[in-house]
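The structure appears right after this line, and notes come after that.
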Amino acid sequence: MGEMQHAASLSRLSSDELHALLQEERDQSGVVYDPRLPELRTNPYPFFHTLRDLDPVHWSPLLAAWLLTRYHDVQTFLRQANLSKDFRNARRSLLGSTGMIAPAPGLPTLLRLDPPDHTRLRSLVSKAFTPRAVEAMRPRIQTMTHDLLNGVKSGAPFDLIRELANPLPVMVIAEMLGVSAGDREQFKVWSTDLALGSDVSSSDDMHARRSAAQEQLLAYFQRVLQARRHQPRDDLLSALLAAEEEGERLTEAELLGTCMLLLVAGNETTTNLIGNGMLALLRHPDQLQLLQREPTWMTQAIEELLRYDSPVQMIQRLVTTETEVGGKCITPGTMVIILIGAVNRDPDVFPNPDVLDITRNDANHVSFGYGIHYCLGAPLARVEASIAIATLLRRFPHVQLMTESPVWRHSSVFRGLEALPLLLQS
């Protein structure tokens, strides 16, 4: 990282520096993207429409990056070969050379590798996440969901995030990795700290928590990997170690980076999908009732919930050669941020984009990315969310939202709720 490691926190800029950057942005385009604003956490979509209308390929001096908001621009852009996920050679950026959502600074992961290393590593890990492999896990995920709901009493207060959306994904990925049941609660704490500390608007305290979580998690995985080398089990860690021993050149650093990536990506996106999805359904009772009457709509409903309020709101690429997007010239070494929430509500592709419609016959959202870096765990996230939501609605068909203003997590990258208080009645 060396000289290219930059601050990943806007809090480290002085008020005069921030004001100057925001004024420059306003003068250039008439619109400013400031990820610190609370309204962008509560409901970013009106702003995304404004940004797309006024300046769809938008330069942010604050982030030293271009922001893309139109679907067809993004699709064209991500098809290009002159893009990189290795951000060490990026020009000055408040995103830092490690990237916004990379969970293991300094370690090679699928999020920061280019071919051929990306291709090799993905081929080793992907076997555990094929649709067929994930379908084989369905009974176990169903059992875990029932176990989490067994202690819930009809008519009692219920926090969907704390009692279902948080624990279920970490239970699933921890079991896949071979982590002992007693360590899973700590796993969720580490995962949350790693994710929140990587945001562009994170505080210094969040960065400190992220560093501590990374250190502790690395030490944990080093111990587990050492144990698996001596005594393999039927889990993903043992399978990755076996691949390494068969000459696939999976290094210790790649093993550790992959473990940390699977933990964070396997938790954050699914937790947010379950929480955001249930909130959207409860705010659209006609769609909730339709899903309860016709559970066969669940597959399409999950795609619409992903489009409507994406669990991840940003992905990024580094441009390696001069390229043009939407009439704007992007020079080599420049970062490009794709605002997923804006792209998924582009009216040129999704008619009535602000309307939740679980019968929408269109799964072309970009919530899981696009191209060679398409989210490896997408099949698992879909299955977990569909089982969680379907089981909750089946066991407690009368669900009531207990607040009109749920608290959103402090993040511009991940979109998810701190809590979602519900009243469940059977």
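Nothing in this text is a laboratory measurement; each read-out follows from the coordinates by a stated rule. It should be emphasised that the depicted structure is a prediction, and the values quoted were computed from it without experimental measurement. As a convention, Cβ positions derive from the backbone with ideal geometry for all residues, glycine included, and neighbour counts pool all protein chains shown.
Based solely on its DSSP helices, what 222 nm [θ] is calculated for the chain when runs of n ≥ 4 H residues each add -39,500 (n - 2.57) and the sum is averaged over all residues, nearest 500 deg cm²/dmol? Don't jump to the answer; show the numbers that get you there.
Details: 15 runs with 199 residues, N = 426.
The per-residue figure over the chain is -15000 deg cm²/dmol.
Charge tally around TRP59: other residues with Cβ under 9 Å, Lys/Arg +1 each, Asp/Glu -1 each, net -1. Distance between the 7 Å Cα→Cβ label points at ASP234 and ASN361: 4.2 nm.
Springs between Cα atoms under 10 Å define the GNM used for the chain, and in it the highest mean-square fluctuation of THR271, THR334, THR50 occurs at THR50.
Need one word for the stretch 255-361: rounded, prolate or oblate. Basis is the Cα gyration tensor (sqrt eigenvalues a ≥ b ≥ c); a/c below 1.5 gives rounded, then a/b vs b/c decides. The partial results should precede the final answer.
On the way: a/c = 3.39, a/b = 1.52, b/c = 2.23.
Verdict is oblate for the stretch 255-361.
Each DSSP beta bridge with both residues in the chain is either parallel or antiparallel, and the antiparallel ones are about 85%. Note on GLU24 and VAL407: with the Förster distance fixed at 56 Å, the Cβ-Cβ geometry gives a FRET efficiency of about 0.95. Working from label points 7 Å from Cα in the Cα-to-Cβ sense, the ASN352 to ASP16 distance is 5.3 nm. Which shape class, rounded, prolate or oblate, goes with the stretch 113-261 when its Cα gyration tensor gives a ≥ b ≥ c as root eigenvalues, a/c under 1.5 marks rounded, and past that a/b bigger than b/c marks prolate? Note, shape of the stretch 113-261 comes out oblate. The residues neighbouring THR69, those whose beta-carbon lies less than 10 Å from its own, together hold a net charge of -1 under the Lys/Arg +1, Asp/Glu -1 convention. Pairs of Cα atoms in the stretch 227-316 fall into 5 Å distance bins, from 0 up to the last occupied one, in shares of 2, 11, 16, 16, 10, 9, 10, 11, 8, 5, 2, 0 percent. The convex hull around the C-alpha trace of the chain, projected and averaged over every direction, spans 20.0 square nanometres.
Of the DSSP H helices in the chain, those with a Cα length along their own long axis of 30 Å or more and a mean Kyte-Doolittle hydropathy reaching 0.0 comprise 252-283. Modelled spin labels at ASN43 and GLU252, positioned 7 Å past Cα toward Cβ, are 5.2 nm from each other.
Using a Gaussian network model of the chain in which every pair of alpha carbons under 10 angstrom is joined by a spring, one finds that among HIS19, HIS72, HIS58 the greatest mean-square fluctuation is at HIS19. Could you tally the net charge around LEU282, taking each other residue with its Cβ under 13 Å from the Cβ of LEU282, Lys/Arg +1 and Asp/Glu -1? Computed value for this residue: -2. Go ahead and run the numbers for FRET between ARG223 and THR130, Cβ-Cβ distance against an R0 of 30 Å, rounding to 0.05. That gives a FRET efficiency of 0.55. In terms of surrounding Cβ atoms within a 10 Å radius of their Cβ, VAL325, VAL74 rank from fewest to most as VAL325, VAL74. Here's the list of aspartates and glutamates a cross-link from LYS188 could span, going by alpha-carbon distance under 20 Å and ignoring same-chain residues fewer than 8 apart: ASP147, ASP159, GLU163, GLU175, ASP199, ASP205, GLU215, ASP235, GLU268, GLU384, GLU418.
Need the full-extension length gain, LEU290 to ALA156, defined as separation in residues times 0.36 nm minus the C-alpha distance. One decimal, nm. Could the numbers behind the result be given before it?
Values: separation 134, 0.36 × 134 = 48.24 nm, distance 2.50 nm.
Result: 45.7 nm gained on full extension.
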